[in-house]
1. Taking GluC sites (Glu not before Pro) as exposed when DSSP calls them loop (any state but H, G, I, E, B) and at most 12 other Cβ atoms lie within 10 Å, what is the longest stretch of the chain free of them, the sites themselves excluded?
2. Out of the total accessible area of the chain (probe 1.4 Å, heavy atoms of protein only), what percent is carbon and sulfur?
3. In Å², what does the accessible area per residue of the chain work out to with a 1.4 Å probe?
4. Only four residue types carry charge here, +1 at the Cβ of Lys and Arg and -1 at the Cβ of Asp and Glu. Report the dipole size of the range 3-54 about the Cα centre in Debye, rounded to the nearest 20.
5. Work out which chymotrypsin sites (Phe, Trp or Tyr not before Pro) in the chain are exposed loop sites (DSSP not H, G, I, E or B, at most 16 other Cβ within 10 Å) and give the longest gap free of them.
6. Could you run the Karplus curve 6.51 cos²θ - 1.76 cosθ + 1.60 with θ = phi - 60° over the range 29-39 and give me ³J(HN,Hα) per residue in whole Hz, x for Gly and Pro?
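The values are calculated or read from the model by the stated rules, or taken from the named source; none is laboratory data. Just so it is clear, the model here is predicted, and its values are computed rather than measured. We place every Cβ from the backbone using ideal geometry, glycine too, and count neighbours over all the protein chains shown. Side chains are part of the model used for accessible areas, which takes the heavy atoms of the whole protein and leaves out ligands, DNA and RNA. Shrake-Rupley method; radii C 1.70, N 1.55, O 1.52, S 1.80 Å.
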Amino acid sequence: MNVEELKAIVAERIRIGDETQDEWDYGIEQCWKKEIEILSRDMTATINFIENECDDKTFCWIGEVFDDVAERTQSKDFLAAITKRAAKVVDPEERRSVEIDIRYASYKFDDD
């Protein structure tokens, strides 16, 4: 997984949000699509990144696309990894926010 590419896209997403003050801006949507592609490409690498390399800030921002990644990959290992990682988020408000993102992601699995 290209961590630097992902972080650059997250930085771009933050910049667009700050400039436009519109969370549904087309540019943000394009950033989300790129994030989903990167995070869905190689689940082993993504899980490794989330468990071992992802800082809280990046983790909280990519939380916006957890549901799309879960839906696309149907990876229960991904869901377990983000759930475990969420417990380590230091800021309580950020942790609550990402826990909501994870709850939405958990609804995206096909019934077995």
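1. 54-112
2. Looking at the chain in its full context, I get 47 percent from C and S.
3. 59 Å²
4. The dipole of the range 3-54 has a size of about 140 debye.
5. 25-106
6. So the J values, rounded to whole Hz, are 4, 5, 4, 4, 4, 5, 4, 4, 4, 5, 6.
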